[in-house]
Amino acid sequence: MTAATGAADAVPTTDAVPITDAIPVADAVPIRDAVPVTDAAPVTDAVPAGIAAAVEIRGVTKSFGANRVLDGVDLTVCPGHVTVVIGPSGAGKSTLLRTINHLEKPDAGYVRVNGELIGVRQQKDHFRELPERAILAQRAEIGFVFQSFNLFPHLTALENVAAAPAATGRASKSEARERAAELLTLVGLADKLDAYPGRLSGGQQQRVAIARAMALRPGLILFDEPTSALDPELVGEVLAVMKDLAGTGTTLIVVTHEIGFAREAADTVVFMDAGRIVEQGPPRRVLDHPEHPRTREFLSKVL
Ligand SMILES: Nc1ncnc2c1ncn2[C@@H]1O[C@H](COP(=O)(O)OP(=O)(O)O)[C@@H](O)[C@H]1O
Ligand SMILES: [Mg+2]
């Protein structure tokens, strides 16, 4: 997070949003004791002492109008771990991912990535929104893979992957293209460098999107149902690329209904329902011996 930290530190105070937009820190701190013990998610993935959490989500609450979509979410993710988030439609899974890179602003609570507050800085007892360019710098450190690929249709596979590193000045144009070719080879698309998205299958497009997410060498990549838009026969090739990525040291948070992937690749499975983390733990425990009736009910539908 060096670049992001630098950018955030460089922000003059005068650029900060007015104090009226600030969130009182007191509201942001989760009141753990107020959560009924039976509803509280056991913290099973606590990071070992002396290691900074890759992602720390504390007391994150988010409403759209009267609809409370995230209701005090706490989650800690170890560096290099794969966390799979499962749960019914509308549970708040996408909103949770989007708060991690501040595409959604929490109403209360905070997110830290590698120890750095995302989207805000603390000033005395308030969180103040960072200026847009500081948020963009933080976002560049976090890869995001969407269900709908979101590739540029007028750019080739290679140009899609090379675009961000070249545009952010992280690499020269030729370095960016060289690295893009390497990444596309890694995801099995060495023969598609010059293909436009419209000429690629959904599975191939999603593999380009994964290569693109890796292009800025993020320590963290978020996946929001990356295989949900694919024909069934194309799901496997995308999951295979994600399995390769797991265990390479990159921290992955994956929202998916692919329980087989969760079983094979996840260090932690998180079950969300109605804006809360209901249960979390190693895949064998959560998937095979769920403690909560809502987890059991959900799994009985998807397994
Ligand atoms: N931008 C938005 N405006 C209003 N409601 C939203 C918005 N984004 C999500 N929601 C609502 O929040 C709830 C959770 O959505 P989402 O996080 O997409 O759930 P999931 O990904 O688990 O299906 C849903 O009821 C959805 O309609
Ligand atoms: Mg979703």
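The values are calculated or read from the model by the stated rules, or taken from the named source; none is laboratory data. Quantities reported herein were computed from a predicted structural model and do not represent experimental measurements. Quick reminder, even Gly has a Cβ in these numbers, built from the backbone with ideal geometry, and neighbours come from all protein chains shown.
Taken over segment 173-191, residues that are within 21 Å of Gly236 (Cα to Cα) and buried (at least 20 other Cβ atoms within 10 Å of the Cβ) amount to 4. Within segment 185-208, the residues that satisfy the criterion of being part of a helix (DSSP H, G or I) and either at pLDDT below 95 or touching a helix residue (DSSP H, G or I) at 6+ places or on another chain (Cβ under 8 Å) (or both) are Leu186, Ala190, Lys192, Pro197, Gly202, Gly203, Gln204, Gln205, Gln206, Arg207, Val208.
The criterion of at least 3 residues that are more than 15 Å from ligand 1 (Cβ to nearest atom) is met by the following strands (runs of 3 or more DSSP E) wholly inside segment 219-288: 276-281.
Scanning segment 98-128 for residues that are in contact with a Ser or Thr (Cβ under 8 Å, 6 or more places away or on another chain), over 18 Å from Asn67 (Cβ atoms) and not β-branched (Val, Ile, Thr) yields a total of 1. Of the strands (runs of 3 or more DSSP E) lying entirely inside segment 52-122, the ones with 1 or more residues being surrounded by fewer than 19 Cβ atoms within 10 Å (Cβ to Cβ), of a type outside the set (Gly, Ala, Ser) and within 16 Å of ligand 2 (Cβ to nearest atom) are found at 55-64, 67-77. Against the list (1) farther than 18 Å from Thr76 by Cα; (2) modelled with pLDDT of 95 or more; (3) aliphatic (A, V, I, L, M), the condition Leu216 fails is (2).
The residues of segment 79-106 that are within 8 Å of ligand 1 (Cβ to nearest atom) and over 30 Å from Gly50 (Cβ atoms), listed by number, are Gly87, Pro88, Ser89, Gly90, Ala91, Gly92, Lys93, Ser94, Thr95, Arg98, Glu104.
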